[in-house]
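To start, the structure itself, in structure tokens.
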Amino acid sequence: MPDDDPFSPKVFDEAYAQISKAPRTNRLFDQVLGPFPADVEPFSLVPREGLDRVFTELRLEPGVHLVDLCCGRGGIGLWFAAASGARLTGVDFSPGAIAEASRRADLFVSRSRASFVVADATDTSLPAKTADAVVCIDALNLVPNKNGLLDEVARILRPDGRVVITAWERRDSEAKDLPPEYSITDVGALVEAAGLRVLVREECDHWLELQQTFFQHVIAEDSDDAEPALHSLAEEGRDFLAVAASVRRLLLVASV
């Protein structure tokens, strides 16, 4: 039977399998949103300037524990760990993504500094207060239980630990016909409800402009012969461009 849940592990398994075999699509990410370091191959819509900012806000030092929540194929967290000397735990509910992240770890860091766990973002099974930093890139909007994810962040962070989140908000709380992934009206309020203290809330208009440009390029290359990953992104892009004026892009930093 087809999977009717657009946010199920099975759906994401298929998406990650597609992007892992999509050289042209990965080049478009790099050309429009990058350039990114070799082998990172992000599947988020945060441009290079944004990921550099995320890295700075995490304030990583050698030996600290970074949790990449909803890590996908792991490239961003592995890049941050390699650049900082941090120890990485990547968490994702997609077994396919975690298998790819584990396979790719040797491209960045030693096995002793990176591990990956198949788990739901609302129940990671990680010990409490053991993360010095948490990063969650473009995933909060896709998790049905957003409060549960943020409660889990608060649970696993050490005192004074930092979480950096990239997300989307709807500009108009009364706007209709927005896809469910753009349902959040106030990320900061959700974060504070989890007992976290907001340190930075910044609207990133340029990220949104680059996201629109990326989707325009993808749509222009879509065809019957396009890579499945590119075709899927083109469909997503058409949906997004129709509502882009009603959405804003956010960087949010919070602490326990």
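Coordinate-derived values only; no laboratory data. Model, not experiment: these values are computed from the prediction. In this analysis, Cβ positions are derived from the backbone assuming ideal geometry, glycine residues included, and neighbour counts consider all displayed protein chains.
Among D186, D92, D177, the largest mean-square fluctuation in a Gaussian network model of the chain, built with springs joining Cα atoms closer than 10 Å, belongs to D177.
Figure the gain on full extension for K10 and A242 (residue separation times 0.36 nm, minus the Cα-Cα span) and round it to one decimal in nm. Could you put the intermediate results ahead of the total?
On the way: separation 232, 0.36 × 232 = 83.52 nm, distance 2.69 nm.
Value of the extension gain: 80.8 nm.
Taking Cα centre as origin and charging only the Cβ of basic (Lys, Arg, +1) and acidic (Asp, Glu, -1) residues, the dipole magnitude of the chain rounds to 1060 debye. Extension gain for the segment I219 to K129, taken as residue separation times 0.36 nm less the Cα-Cα distance, is 28.0 nm to one decimal.
The shape of the chain can be summarised by an equivalent ellipsoid whose semi-axes, obtained from the alpha carbon gyration tensor, come to 26, 22, 17 Å from longest to shortest.
Going 7 Å from the Cα of E192 along its beta-carbon direction, which residues of the stretch 237-255 have the amide nitrogen within less than 18 Å of the resulting point? Backbone N within reach: 250-255.
For the chain, the number of Lys pairs separated by eight or more positions or lying on different chains, with C-alpha atoms closer than 29 Å, is 5. Considering only T185, A244, A99, the residue lying farthest towards the positive end of the dipole of the chain is A99, judged by Cα position with unit charges set on Cβ. Ordering D123, D132 by the number of other Cβ atoms within 10 Å of each residue's own Cβ, fewest first, gives D123, D132. Taking other residues whose beta carbon is less than 13 angstrom from the beta carbon of V198, and scoring Lys, Arg as +1 and Asp, Glu as -1, yields -1. Rounded to the nearest 0.05, the FRET efficiency derived from the C-beta distance between R103 and N147 at R0 = 45 Å is 0.85.
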